[in-house]
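Right, one structure below, let's go through it.
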Amino acid sequence: MRRGLGSLLLGALLVLMGCATVEHDNVEACLNVAERGLRPVAADRSQRFLGKVREDTARCRGGDRAAEARSLPWIDWQNYWATGDASTRSGSSTTHLSRNGRGIDGALLDLEYQRIELIKFNLFDTSGTYEAYVRGRDGVGGPALKVWPEMRLPKGHPGYDAVGGDGTQLCRDDLIRARTLTGICNDLKNPLMGSSHQTFARNVQFEVTFPELSQEQLTRNRHGDRLGLLKPIRR
């Protein structure tokens, strides 16, 4: 009874928001997605979001086409409404609860989950920032740090003065209107991040090579008292 009433109310809301042609199955699918809530960010690598969603999620965001394409090996969001050329649009409405709005918002949500979990599980910076991330700096916890001295433009760099020079460096004006040739200013407050001549981030967990910085008791127990590289195994 509650599910039927919920479907009716959601259907009426979708119609008011510009979705008069939504099929009953899609309304039911959207109701299931709403009741389930947001997916939690993975706590372990094995639980990572790989760009594949549940059937009702795909149906809510892209109808039958998106639901049927789930069996393909590629990511699902490219099959949502309004995520491709004009042929992928359903009507002209782009309100959040319309077909096009659900498709676009769903694609952005999928990409954000992948971005968050990529940083959490795969992006390990090699520029000296890892220790600060683990231990914090100047009383600020590591995950809360937003500015990294290692990512400042050095003196002599062509963009040094444009971002603030010796003072607080912040990308602005032409540096943030388009992608720069050298790749600086991908991050407004850390202009060197991801730019040319920077080493690639490694795809290996730092606790493996820097166990002395690990906060995990299991890692520390595994290495015993040989936490430093200068403490070789006797045998």
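Nothing in this text is a laboratory measurement; each read-out follows from the coordinates by a stated rule. Values in this document were obtained by computation on a predicted structure and should not be read as measured data. Cβ sites come from the backbone with ideal geometry, for glycine too, and all protein chains shown count toward neighbours.
Here is how the numbers come out for the structure above:
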{"quantity": "Packing-based exposure ordering (other Cβ within 10 Å, fewest first) of HIS96, HIS157, HIS197", "calculated": "HIS197, HIS96, HIS157"}
{"quantity": "Chymotrypsin sites (Phe, Trp or Tyr not before Pro) restricted to region 28-87 and DSSP loop, no more than 15 other C-beta within 10 Å", "calculated": "TRP74"}
{"quantity": "Net charge of Cβ neighbours under 14 Å - reference ASP110; Lys, Arg +1; Asp, Glu -1", "calculated": "+4"}
{"quantity": "Largest-first ellipsoid semi-axes for region 130-203, taking √(5λ) over the Cα gyration tensor eigenvalues, angstrom", "calculated": "22, 15, 11"}
{"quantity": "Cβ-defined net charge surrounding GLY167, 15 Å radius [Lys, Arg +1; Asp, Glu -1]", "calculated": "+2"}
{"quantity": "Ranked list, fewest to most other Cβ atoms within 10 Å of each Cβ, for ARG70, ARG39", "calculated": "ARG39, ARG70"}
{"quantity": "Net charge, LYS120 excluded, C-beta distance under 12 Å - Lys, Arg +1, Asp, Glu -1", "calculated": "+1"}
